[in-house]
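For reference, the structure discussed in these notes is given below.
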Amino acid sequence: MKYIMFEDFSGTAVPVIFPNRINFDEMREQMPYTKVISAGYVSHGPEGFACHGKSKALDVTAREDDGAIITARFEDAES
């Protein structure tokens, strides 16, 4: 799966996860947020979410803390 981490209007990081068949720039065009923080590929394993890679089209890379941000979003959704 791919992801793009946006900054919402309040400054909060908002991850959007989507299938590999969708291009980064195509997904970017669909989102109302103005700032892209990072992007790349995300996988889920025994230790949680892991992010790597980059988006050449958006000129951003995955950040070390992106996996933790995505994990926190899923934990918030379960509560």
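Looking at region 45-64, can you tell me whether even one residue there is more than 21 Å from ASP76 (Cα to Cα), open to solvent by 90 Å² or more (accessible area, probe 1.4 Å) and polar (S, T, N, Q)? Checking region 45-64: not a single residue is more than 21 Å from ASP76 (Cα to Cα), open to solvent by 90 Å² or more (accessible area, probe 1.4 Å) and polar (S, T, N, Q). So in region 1-13, with the set limited to residues that are without any contact (Cβ under 8 Å) to a residue 24 or more places away in the chain and open to solvent by 50 Å² or more (accessible area, probe 1.4 Å), which one is nearest to THR71 (Cα to Cα)? The selected residue is THR12. Taking region 23-79 as the range and being of a type in the set (D, E, K, R), farther than 12 Å from MET5 by Cβ and in a helix (DSSP H, G or I) as the test, the residues that pass are ASP25, GLU26, GLU29, GLU75, ASP76, GLU78. Only residues that are under 23 Å from THR12 (Cβ atoms) and open to solvent by less than 90 Å² (accessible area, probe 1.4 Å) were counted across region 33-44, and they come to 8. Assess whether VAL16 counts as being within 9 Å of the chain's Cα centre (by Cα) and touching a residue at least 40 places away in the same chain (Cβ under 8 Å). Criteria not met by VAL16.
The values are calculated or read from the model by the stated rules, or taken from the named source; none is laboratory data. It should be emphasised that the depicted structure is a prediction, and the values quoted were computed from it without experimental measurement. Don't worry about glycine lacking a Cβ; one is built from the backbone with ideal geometry, like all the others, and counts go over all protein chains shown. Calculation scope for accessible area: heavy atoms of the full protein, side chains included, ligands and nucleic acids excluded. Shrake-Rupley method; radii C 1.70, N 1.55, O 1.52, S 1.80 Å.
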